[in-house]
1. Subtract the Cα-Cα distance of B:Arg554 and B:Arg291 from 0.36 nm times their separation in residues, and report this length gain in nm to one decimal.
2. How many percent of all Cα-Cα pairs in segment B:148-236 sit more than 20 Å apart?
3. For peptide B:196-208, what's the mean number of Cβ atoms from other chains within 10 Å of each residue's Cβ?
4. Tell me the GluC sites (Glu not before Pro) within segment B:266-328 that lie in a loop according to DSSP and have at most 14 other beta-carbon atoms within 10 Å.
5. What are the extents of the Cα atoms of segment A:2-75 along their three principal axes, in Å, largest first?
6. Here are some pairs, A:Lys2/B:Lys206; A:Lys35/B:Lys351; B:Lys119/B:Lys668; which of them have Cα atoms lying more than 18 Å apart in this structure?
7. Under 16 Å between alpha carbons, and skipping anything fewer than 8 positions from B:Lys501 in its own chain: which aspartates and glutamates qualify?
8. Under the Kirkwood approximation applied to all pairs of distinct alpha-carbon atoms, what is the hydrodynamic radius of the protein assembly as shown in Å?
Amino acid sequence: MKLRINGGQQEVEGADPDTPLLWVLRDHLGMLGAKYGCGIGQCGACTVLIDGEPTPSCLIRAADVGDAHIETIEGLAGDDGLHPVQQAWIDEQVPQCGYCQSGQILTAVALLRNNPQPSRDEIDRKMSAVLCRCGSYPRILKAIAKLSEE
Amino acid sequence: MNRAQAFHPDRRRFLKATAAVAGGALLIGINWSRGVEAAEQEADGSEDFQPNAWVALHADGRVEITVAESEMGQGPYTLMPMLVAEELEVPWSSISVLRAGVDPVYGFQLTGGSTSIKKGWVLLREAGAIARQLLLMAAARQWGIAPERCRARDGQVFDDSGRSIAYTRLVGLAASLPMPDKAWLKPPEDFHVIGQPLPRTDVPQKVTGQAVYGIDVRRPGQLFATVVHPPVFGGRLRAFDDTGARESPAVVDVFAIDQGVAVVARDTWSAFKAAQRLSIDWDPGERSGFRSQDWEDRLRGYDARPPSREHVRGTPEAVTGDRIEAEYLQPFQAHMTLEPMNCCVHFDDGKLRIWAPTQSPSLAYGSAKRLTQNRIERGWHKLLNKVFGGYDDSIEVNTTLLGGGFGRRLEQDYVEEAIQIAARFEVPVQLVWTREQDVRNDFYHPMTYHRMAAELDAQGMPRLWLHDIAGGGVSSWGARHDYAIPHQRIRSYDFEPPIPKGPWRSVAPHFNVFAVEHFIDELARQAGHDPLDYRLQLLPDGRLKRCLLRLAERVKADGLNKNERIGYAAASTFDSHVAEAVVLRDLGTGRYRVDRVYCVIDCGIVINPDIVRQQMESSIVYGLTAATLTEITVENGQVQQSNFHDVPALRLHQLPEIFVDIVDSTQKPGGLGEPGVPPLAPALANAWLASTGKPLRRLPLRLS
């Protein structure tokens, strides 16, 4: 099985064909940024972008991803440094335990790509897909507000 | 955090040596012995300087500060180094953080009860100050002047003529000097680190996906395991058929352990999938008929037995008149840390290595020692250590970052399971629970039933206050309030917990403060008083009252819309003082929204105002989840909920606006992680009472 991840091609061998993308990333490719939280698409900690769409990677079989392009937290920073969303997350000191933050950041990246100045309603709809038990939400809102002003 | 350094063998040798020199005295204080490595430095000319177990100055200018508290989001990887850096006088940018291993030099490691700052406040400043004193003395000696003429700043020593020398050029000399017998702590007016909103040291790795939680531990040759526990509390394994589970070539082994059936595979998913294909015959045991509803009924009849504890003020039995009564109920709650329970263990050639996202490495170590007494090698010196209360260094506990804690990771059950599983292998094995196992095998916040009664005087103020608390594993902590009520009786009825019970963020104050603070509003309403004025009249002058006054000013400045009502609550817990106000907006057609939450905290001297703010935001979101969304119920001995679909957590679209004010204080620091939680639920219930005229006496509060 071949997967297109973060602009490159990754070969996966020996995975059970039923294996969700999350576990292929974590256990077969050693990409540990996507987290396991619920396994049923409720918490969003495993969110990756598939052709730009935030998707819980625990719900989709890696075998079903096909040619679609997968973006993970590991691919977000470029040679010229952090992605602006990551930088905003640092500036606003968003993470606490941090376990959900890969999912939060990727969801915010997709949100702002689609609309650099999202309404509060749109932010609510998109960002409510990812749970944070520590309550980093006020700072997520601040970081997104700051990014949409730029 | 530099992981390579964390496991650097020289580092461990130093810590061992330090511990060996200091012996049992370490538990009561800091150990200033520099141990063997300092002596070695003098011999081999090495330029690192490790004046104590918390500080290491490297020749290249890096300063490593060791933290013995677990980072689960509450900030110790930033706050503890700030305490050291303040006294050490080094640039914040030069600091890197190292997580301590289990070693007596750090005392008993347990992160809980909002105690980290309280424990570290003097200890860690002294660790920094001692190091600074040695560097000052080294500079003075080098310059041939009196140490009093030197001062430290920004990783350098200056003298009164303006001459300066970098710490890095003093480390060799400093390491050879005798330890000062006393730490010279800076006066608070000289603080320039403490009190600053410094960015957290753990944030950069948490935005790039590089942060290593327990579940991210990867060791060469590692296998992956999961456990299926009995579906019913107290259930036991009779037999299992693993034919289906073993069909997958990725499954390595399936076997029984004390707690259930373990599946070991080459990857996590294969272990999860195989676990679902097990056919297990459970003996349901004696608690298979347990229902939380029955337990609630039993708690209502609590006074068929004598109270466990009683606190009396005045002569409550002599007050006989018309009483106002109310009963309150809080359900069982699960912790729902976003990272499920997990632990990696390697029986490695006579060593037992553990990687765990634990709130207590010391408890994990104790579990390991108890479970493996005969399994790992122990030489003569290790036996001596054991006899004289020393540390068994054949057990190594590496504490990772924690994806949430909330008290759940004070229990070491998952560590014990991982040890049992890995004991059958020579390679490392990582145990990961599914979320379903996590929800159903928790140590739950107890269900509590509260019966309140009060009698009002002619002015409508309470002169009698009765509060009975019943539950499994409960106390009256948080029920003993500051209100000036002449006659009081607070009794707790502590039952044997019917299901596993454990500490849960803000513990007993969560249920007791709810009852106290909602009942106060009920009384105010009955008496025709404004609840805020009522509180202020009943509270003695002091820190909590000042928080409440400040909160009231803030709320007044913002004002309320016509369709909004407000509720207040305040409590002093964990040596901090917090007042909160919830604004509830009536959306019409019987719908309400929590629109704003105001919070004022007095936590004594503030180490990092941004982290205080963050912990209050966190406490309010945590409190809202418990107050409005979640409960754990049990039918036939089985937890009815299983995942985030039926134990929801507050989501971003449900977030109220949160305003936090921090009181300037010169008092000793108090706790931060928990004191913001208890006032939230009663403030919300009070806002509901103000909106609808009806009390909300049972959590979760249904706002419709």
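Computed from the coordinates by the stated procedures, all read-outs in this text should not be read as laboratory data. The shown structure was predicted, so the numbers you read here are calculated from the model rather than taken from an experiment. Cβ coordinates were reconstructed from backbone atoms using ideal geometry, including for glycine residues, and neighbour counts include every protein chain displayed.
1. Here the segment from B:Arg554 to B:Arg291 would lengthen by 90.1 nm.
2. Everything past 20 Å amounts to 70 percent.
3. Taking the mean over all residues of the peptide, I get 6.
4. B:Glu286
5. 28, 25, 20
6. Too far apart for the 18 Å limit: A:Lys2/B:Lys206; A:Lys35/B:Lys351.
7. Qualifying aspartates and glutamates at Cα under 16 Å: B:Glu296, B:Glu411, B:Asp413, B:Asp438, B:Asp442, B:Glu631.
8. 28.7 Å
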